[in-house]
Amino acid sequence: MTSRFAISAAAAMLLLGTAGAAFAQSASTVGTGAGSAGASGSSGVVGTGGSAAAGGTSASSLGLGAESNTPSASSSSLGTGGSAAAVNGHVMSHSGVHGNQNLSGQSMDQAHQPGGVWSKSHTVTHDRRGALTSRTKSMSHEPGGPPAKSTSGSSVNLGQ
């Protein structure tokens with residue numbers, strides 16, 4: 001039978017291990033896409049997103065594009081956004097979507113702390129008449145080592 005002391009000690013070690021890991025630099029991204037085409041039309045969706053954190057900074061960005069086509073009509077949509085935060089530093093967050101028939105969107109998000117600590121995330125998404133693409137790159141850095149980096153991309157071609 002396991003003693004309560006051993007269980008408490010194991011729980012305390014787990015808690016200390018997670019608390020120490022929370023201060024490490026990290027970066028992660030994810031992407032997905034799907035499409036279908038047939039005699040009655042085609043449709044597709046694509047998206048990527050990511051986040052990064054280091055020290056007292058964090059940044060995240062996301063992009064999503066969709067298109068639907070029938071023999072008589074077509075429609076498309078694109079959205080992008082992000083955020084950045086710093087405990088004691090500077091932040092920059094810009095997002096925008098441009099175009100009419102061909103849509104392009106971009107989100108750039110950065111946070112910087114004194115002493116070389118930073119986090120960045122950048123997403124670019126396009127919908128170019130049947131060719132949907134999205135790419136996200138996230139990075140973070142603390143002095144003393146290389147940056148943590150992650151990149152994801154996704155594309156769907158609707159064959160038009």
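Name the residue that is nearest to Leu103 (Cα to Cα), counting only residues in segment 68-86 that are in contact with a strand residue (DSSP E or B) (Cβ under 7 Å, 6 or more places away or on another chain) and not in a strand (DSSP E or B).
Out of the qualifying residues, it is Thr70.
Among the residues in segment 120-136, are any part of a loop (DSSP other than H, G, I, E, B) and more than 30 Å from Ala37 (Cβ to Cβ)?
No, because not a single residue in segment 120-136 is part of a loop (DSSP other than H, G, I, E, B) and more than 30 Å from Ala37 (Cβ to Cβ).
Looking at (1) over 20 Å from Gly105 (Cβ atoms); (2) part of a strand (DSSP E or B); (3) not polar (S, T, N, Q), find the lone condition where Gly65 falls short.
(1)
Residues being at pLDDT 95 or above, surrounded by fewer than 24 Cβ atoms within 10 Å (Cβ to Cβ), among the small types (Gly, Ala, Ser) and more than 30 Å from Ala37 (Cα to Cα): count how many of those fall in segment 101-119.
Within segment 101-119, residues that are at pLDDT 95 or above, surrounded by fewer than 24 Cβ atoms within 10 Å (Cβ to Cβ), among the small types (Gly, Ala, Ser) and more than 30 Å from Ala37 (Cα to Cα) number 0.
Within 19 Å of Gly35 (Cβ to Cβ), open to solvent by 50 Å² or more (accessible area, probe 1.4 Å) and either in a strand (DSSP E or B) or of a type outside the set (A, V, I, L, M) (or both), is that true of Ser95?
no
The values are calculated or read from the model by the stated rules, or taken from the named source; none is laboratory data. Here the structure is a predicted model, which is why all the values come from computation and not from measurement. Cβ coordinates were reconstructed from backbone atoms using ideal geometry, including for glycine residues, and neighbour counts include every protein chain displayed. We work out accessible area using only protein heavy atoms, side chains counted, and drop any ligands, DNA or RNA first. Shrake-Rupley method; radii C 1.70, N 1.55, O 1.52, S 1.80 Å.
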